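Read through the structure below, which is laid out as structure tokens, and then see the notes.
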Amino acid sequence: MQNLCPTNHPPYGLMDTFSWQNMHNLVLRLAAQPHPKVKAILDFHSFWLTTTSDAWYRANGTTIVRIDFTVNAKLTQHLDMLFGYSHFFAGAYLADTGASDDADFAYLMLTLNY
């Protein structure tokens, strides 16, 4: 199956490490709202290939257990802040087939609503 819109944030995590090809994804989501204006989400993803006779595809279409953590805060009526951090644990499959380094990804986003 070809992924026509390769932004995979909602189903496969924030790092866009995977494309919707030759893979399975199991997700455990923990969410908390410690304050009416603050929401935190922690996602644990476990990925595995449908078949090892095919490749592992990235979101951009080339080949090669992630954790996603986000905090969304409403700073003012018109300003939201979103902080995110993701860590990818490379695992045994990547160690057996090539580059096997873990990866980190962090970002800070401000949204002005008017």
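Every number here is computed from the coordinates shown, using simple stated rules; none is lab data. Because the structure is predicted, anything quoted here is derived from the model rather than measured. Neighbour counts run over all protein chains shown; Cβ positions are idealised from the backbone, glycine included.
General remarks:
- Each label point was placed 7 Å from the Cα along the Cα-to-Cβ direction; for LEU79 and ASN25 their separation is 3.3 nm.
- At an R0 of 22 angstrom, the distance between the Cβ atoms of MET109 and LYS37 translates into a FRET efficiency of 0.85.
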